[in-house]
Amino acid sequence: MTIATEPNASAPPPPEAQAKPSAKKSSHAGDRVFLGLSRGSGIVLLVIMAAIAAFLTYRTVLAVSKDDANFLTTSEWNPAGDPPVFGIAVLLFGTIVSSIIAMAIAVPVAIGIALFISHYAPRKLATPLAYVVDLLAAVPSIIYGLWGAVFLVPYLDGLNKWLDQYLGWTYIFDKTSDGVARSLFTVGILLAIMILPIVTSVTREVFLQAPKMHEEAALALGATRWEVMRMSVLPFGRSGIISASMLGLGRALGETMAVAVVLSPSFIISGRLLDPGGGTFAQNIAAKFNEADEFGRDALIASGLVLFVITLLVNGAARWIIGRRKEYSGANA
């Protein structure tokens, strides 16, 4: 009679179990070259970023040390005055407000277009439509600026009057000036049009990677088309939506020529978004750099450092949001 016994826990495992692949460095020359190039590219990028930050910081210290006012809270810009006074309060306000308007308009529309192209439109329509969206992302910013100044500004006058008539009680849309629509609100709409192709393209590619098995399972359970989008596609593409939004926000924060052509700059902070005036960091640098003296350029570089820091903070916050919650990962959808 044979009695079955359990294997001894202390016995060494068989040779097959002992033979595990070890993480050794590849001996292929191509792998070593690729690793070296990749590592070197990353190091070069870090060195360039550090050099930019060091240059901006050095010139900012030179400018701020001679500024008699508070650089962060002053709304006046007169580096050539006696004494020199300059501040970024107006520029910071205009940059943030115009970017918020652009994101509030562009992101929902971009998500809708991306869903339509990836899951609703027939192939014969989706392909040329996706090509047109990608082509819009390649249009130079000066073209958008000229179009905004010649076409958008005159035709927004009617919209501004409508907002003033029905939403003027909110103070934000209370229009007190009869001037043309060269305001932060117009700049926000123009920036929304400019970043719309970028956000749409990235979001569309993410939606196309959604697992088809999840969508088919939802349809088999009786879900409607919108419920499939809400339960399967949108959760999967959440991280892509955040990344695309941050990419669009980066362009909105640093856009120069289009804003310079459309906006009527003034160093006045006003919550009335329909009134002409305001300013942004990039627009102010582009408008004043050529005519500025050495100290004036240092002041402009100081404002550029603030924009540089804001951009880093925005991208860092996006990475933190994505990394903090695992459910943002498409693999966990």
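Would you please give the FRET efficiency between Thr311 and Gln165, computed as 1/(1 + (r/R0)^6) with r the Cβ-Cβ distance and R0 = 45 Å, to the nearest 0.05?
The pair Thr311/Gln165 has a calculated efficiency of 0.75.
Starting from the Kirkwood radius over alpha-carbon pairs of region 31-111, derive D by Stokes-Einstein at 20 °C in a medium of 1.002 mPa s and give it in µm² s⁻¹.
Details: Rh = 16.5 Å.
Here the translational diffusion coefficient equals 130 µm²/s.
Can you list the DSSP H helices in the chain whose Cα atoms extend at least 30 Å along the helix axis and whose mean Kyte-Doolittle hydropathy is 1.6 or higher?
Flagged H segments are 89-115, 184-208.
Which of the peptides 229-238, 190-199 is most tightly packed, and how do the rest follow, judged by the mean count of other Cβ atoms within 10 Å per residue?
Descending packing order for the listed peptides: 190-199, 229-238.
Rounded if a/c is under 1.5, else prolate if a/b beats b/c, else oblate: with a ≥ b ≥ c from the C-alpha gyration tensor eigenvalues square-rooted, which is the chain?
Because a/c hits 1.5 or more and a/b fails to exceed b/c, the chain counts as oblate.
Identify the residues of region 269-308 with backbone N under 13 Å of a label point that sits 7 angstrom from the Cα of Ala104 along the Cα-to-Cβ direction, or state none.
What the label zone holds, given the 13 Å backbone N cut-off, is 271-274.
Picking from Phe185, Phe55, Phe308, which is most flexible by a Gaussian network model of the chain using Cα springs under 10 Å?
Fluctuation is largest for Phe55.
We did not get these values from a lab; they are worked out from the coordinates using the rules stated. Keep in mind that this is a model prediction, so the values were computed, not measured. Positions of Cβ are generated from backbone atoms using ideal geometry, with glycine treated the same way; all protein chains shown enter the neighbour counts.
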